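Below: the structure, in structure tokens.
The values are calculated or read from the model by the stated rules, or taken from the named source; none is laboratory data. Just so we're clear, the structure is a prediction, and the values are computed from it rather than from any experiment. Cβ sites come from the backbone with ideal geometry, for glycine too, and all protein chains shown count toward neighbours.
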């Protein structure tokens with residue numbers, strides 16, 4: 001009878017796969033964790049996206065080449081990998097919640113300081129340090145939500161958290177349009193960066209309302225009770241080292257390749273998208289905002305729907321679908337003939353949908369690939385190592401654009417998605433995996 005009851009519950013859950021009851025079923029503490037991660041990711045997106053929006057104005061202020069401009073984005077993303085690895089390891093040691101607060105403070109402070117930079121060198125330095133918090137926030141927030149979510153609903157819950165990126169991106173576009181319409185560009189980009197201090201207020205909410213996941217606290221309790229020196233050293237002190245041991249090194253290598261492909265393709269198109277619209281398509285600031293709005297709407301829908309698709313057809317199949325579609329749409333979008341800008345509006349929604357939606361699977365998939373003793377380190381390293389390597393794509397695009405034009409250079413990023421398909425050959429399906437302490 002117990003088996004039949006369990007099968008009935010699973011069947012009912014599958015029938016509700018596209019329902020919106022997931023939030024109602026979250027316990028109070030899980031809901032607070034969801035909102036803390038959601039708002040943290042949205043504000044993280046705002047702080048990051050103001051750079052791409054202000055890139056043309058920054059280049060004019062400091063007389064930068066496209067290669068130098070792309071280097072700022074690359075350095076930010078490379079350092080964010082370090083931040084993600086540090087945050088993931090720290091989350092295993094001091095907790096998900098405290099790590100989340102630290103990362104929010106870091107990216108807020110250094111985004112603000114970027115607005116005060118008097119020269120290219122200091123701007124590069126501040127953006128690099130901003131990357132520490134930028135990379136770390138996702139690692140801490142995604143682990144936190146993954147561990148409090150129902151396994152059957154984990155994909156859609158993480159998808160909703162990921163959708164906050166589109167919210168922050170949209171907020172950045174709105175503020176960019178308003179500010180650049182009121183003040184000169186050389187002042188506008190500085191004001192945008194200084195607004196980046198606002199996320200620091202979120203720390204107050206996190207400190208008051210968010211608690212550590214039960215699976216994390218139980219894992220720590222078990223570790224404290226262990227008397228074996230090997231367990232203490234391996235499970236507690238060196239969680240980062242564990243992901244490179246024989247039992248996990250294959251997972252780490254393949255998952256890192258998956259992350260490189262998705263992020264290399266994404267940053268190739270979206271770092272340069274505002275510049276592409278202005279320089280290659282000759283759109284005004286206001287018109288650029290409208291075209292970006294279409295992509296952002298598609299991105300939001302992609303994040304949300306992808307989370308449900310992950311719970312429906314599984315992690316691997318969803319990654320395959322979104323990787324192939326993203327590659328095709330990047331090529332189509334960048335090769336539209338000049339003068340046919342209306343097609344940019346048509347393709348903007350599916351471009352944002354697939355290129356952004358692919359990321360909804362990472363929060364749940366990476367958490368499910370690693371045991372609780374090394375989940376923070378595994379998730380933090382893999383996602384951000386992919387970000388670091390993928391970060392070279394914007395710089396490559398910048399340098400390639402000199403010889404083949406920006407449109408052709410951006411289309412180069414479509415090749416990155418082939419790495420996703422290669423990685424998935426070596427990774428297992430994990431849909432619905434339950435988390436236990438010290439698995």
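Residue-wise test of (1) more than 21 Å from the chain's Cα centre (by Cα); (2) closer than 15 Å to residue 265 by Cα; (3) at pLDDT 90 or above.
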{"residue": "366", "(1), (2), (3)": "no, no, yes"}
{"residue": "373", "(1), (2), (3)": "yes, no, no"}
{"residue": "380", "(1), (2), (3)": "no, no, no"}
{"residue": "421", "(1), (2), (3)": "no, yes, yes"}
{"residue": "427", "(1), (2), (3)": "no, no, yes"}
{"residue": "432", "(1), (2), (3)": "yes, no, no"}
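Looking at 81, 33, can you tell me which residue is at pLDDT below 85 and crowded, with 22+ Cβ neighbours inside 10 Å? Answer to the check: 81. For region 57-85, the set of residues classified as within 14 Å of residue 133 (Cα to Cα) and more than 16 Å from the chain's Cα centre (by Cα) consists of 75 only. Among the residues here, residue 69 does not qualify as at pLDDT 90 or above and within 20 Å of residue 187 (Cα to Cα). Reported count of residues in region 104-125, each being without any contact (Cβ under 8 Å) to a residue 60 or more places away in the chain and within 18 Å of the chain's Cα centre (by Cα), is 1. Condition test on residue 206, is it in a helix (DSSP H, G or I) and at pLDDT 85 or above? Spelling it out, residue 206 is indeed in a helix (DSSP H, G or I) and at pLDDT 85 or above. When restricted to residues that are surrounded by fewer than 15 Cβ atoms within 10 Å (Cβ to Cβ) and either in contact (Cβ under 8 Å) with a residue 12 or more places away in the chain or closer than 20 Å to residue 416 by Cα (or both), region 333-354 contains 3.
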